[in-house]
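> Sharing a structure below in structure tokens format, with a few things to ask.
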Amino acid sequence: MKSPKAAWCVAAFAVAAAGFVLPAHLAAGQGQDSSYGPEVILRWDPIGNSLSPIAPEQMKVGCLYNHFSPRLQRRVWSYLRNDRQFWNAYGPGTVQEVKRFDLTAPLEERLKRLAEVDKDLAQEVFSQGRTVFVKLGADNRWTLDRTAGIPAIYDLETGLRWERHHIVYIPVVHVRGDTWGYADGRYFPPE
């Protein structure tokens, strides 16, 4: 896949799950790459710094993939459900643990890259067992979110928001209901 000549988004990504750590950089514009047809599902390869096609039979339940949404008529991120279908599209502001991506790099390579990219983050992961989160931007790209403490989902298709507490996602509501709008990096109750 060709990388755009635009500036790189120099955010470090890491997976901190049972001691697994993986850093990477994501090139600008990869979330909306139009060189792939709507039938192609993409896996993010942080070590190779690219999105690459994945065969449907190789996809792992629970992992996040980039796919074409017929309903929204664009490429979106979502996770693969047990029935091998994708859940609703993730919207901007969604926060997920990096371990939710279908990562394939060997542990040694992940550890080496993390130390090269962000020594402070590596120290936090190793000394505190910190889980590392990424946030989905309005540009459909993931960036490191150092302040996140729990996974959260903004459902682009329904306007609902969810936060994971312990092992379940619960809805986030406001005094006028449960749907939300999103603009300028913030959620708001619709008028």
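> Would you confirm whether any residue within the stretch 175-191 is loosely packed, with under 13 Cβ neighbours inside 10 Å, modelled with pLDDT under 90 and within 22 Å of LYS99 (Cβ to Cβ)?
The answer is no; no qualifying residue exists.
> Something else now. For the condition in contact (Cβ under 8 Å) with a residue 60 or more places away in the chain and charged (D, E, K, R), what is the one hit in ASP102, ASP139, ASP83?
On inspection, the qualifying residue turns out to be ASP139.
> Follow-up question, since we're still on this one. Being at pLDDT below 90, under 22 Å from PHE68 (Cβ atoms) and of a type outside the set (Ser, Thr, Tyr) narrows it down to one residue among TRP142, TRP87; which is it?
Going through TRP142, TRP87 in turn, just one is at pLDDT below 90, under 22 Å from PHE68 (Cβ atoms) and of a type outside the set (Ser, Thr, Tyr): TRP142.
> So LYS5 ticks every box in (1) charged (D, E, K, R); (2) modelled with pLDDT of 75 or more; (3) over 27 Å from GLY181 (Cα atoms); (4) in a loop (DSSP other than H, G, I, E, B) but one. Which box is left unticked?
(2)
> Can we say ARG130 is basic (Lys, Arg), surrounded by fewer than 20 Cβ atoms within 10 Å (Cβ to Cβ) and modelled with pLDDT of 85 or more?
no
> Do we find a residue being among the polar types (S, T, N, Q), part of a loop (DSSP other than H, G, I, E, B) and modelled with pLDDT under 95 anywhere in the stretch 46-61?
yes
The values are calculated or read from the model by the stated rules, or taken from the named source; none is laboratory data. No experiment lies behind these values; they were computed from the predicted model shown. Heads up, the Cβs are rebuilt from the backbone with ideal geometry, glycines too, and the neighbour counts pull from every protein chain shown.
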